[in-house]
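Student: If you scroll down you'll find the structure; I have some questions about it.
The values are calculated or read from the model by the stated rules, or taken from the named source; none is laboratory data. Computed from a predicted model, the values in this text were never measured in an experiment. When we count neighbours, we look across all protein chains shown, and the Cβ atoms used for this are built from the backbone with ideal geometry, even at glycine.
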Amino acid sequence: MPQFLVGLILMLPHAILHEASISFLGYGLPPEQPAIGIILAESMKYLSAGMWWPAVFPGLLLVAMVLLTDRLGENLRVILDPYSAQE
């Protein structure tokens, strides 16, 4: 059971990135739905005008969310795995 829980948590960053990339390409959620990929796709229009902040902050949020979720899964794996605690 602990391996299953860790596996689910470690798969979550991949699901987040896949949803964001599919939404960014326009194949995911409709544009009316709030999603990081849609926000990033809409912000690409403003980059040529010199407005970088609509793209940078959602991108940083996406990276932070993925890294924090991955770190949570790794820490949970270390806590639940008695063999890795001895290393």
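Student: So is ILE79 part of a helix (DSSP H, G or I), under 30 Å from MET1 (Cα atoms), of a type outside the set (Lys, Arg) and in contact with a helix residue (DSSP H, G or I) (Cβ under 7 Å, 6 or more places away or on another chain) or not?
Tutor: Criteria not met by ILE79.
Student: Sticking with this structure for a sec: Since GLY50 meets every condition but one in (1) at positive phi; (2) in contact (Cβ under 8 Å) with a residue 12 or more places away in the chain; (3) not acidic (Asp, Glu), which condition does it not meet?
Tutor: (2)
Student: Please go through segment 45-61 and give me each residue that is in a helix (DSSP H, G or I) and either under 30 Å from MET1 (Cβ atoms) or among the small types (Gly, Ala, Ser) (or both), ordered by number.
Tutor: Within segment 45-61, ALA55, GLY59 qualify.
Student: Given the criteria surrounded by 15 or more Cβ atoms within 10 Å (Cβ to Cβ), within 19 Å of the chain's Cα centre (by Cα) and part of a helix (DSSP H, G or I), does GLU74 qualify?
Tutor: no
Student: Right, another one. Scan segment 56-68 and report the pairs whose first residue is surrounded by 13 or more Cβ atoms within 10 Å (Cβ to Cβ) and whose second residue is at pLDDT below 95 and among the hydroxyl-bearing types (Ser, Thr, Tyr), with Cβ atoms within less than 7 Å and a gap of 6+ or a chain change.
Tutor: If the second residue must be at pLDDT below 95 and among the hydroxyl-bearing types (Ser, Thr, Tyr), the pairs left are PRO58/SER43.
Student: Every residue in segment 10-44 that is of a type outside the set (A, V, I, L, M), assigned to a loop (DSSP other than H, G, I, E, B) and in contact (Cβ under 8 Å) with a residue 12 or more places away in the chain, please.
Tutor: Scanning segment 10-44 gives a single hit, GLY26.
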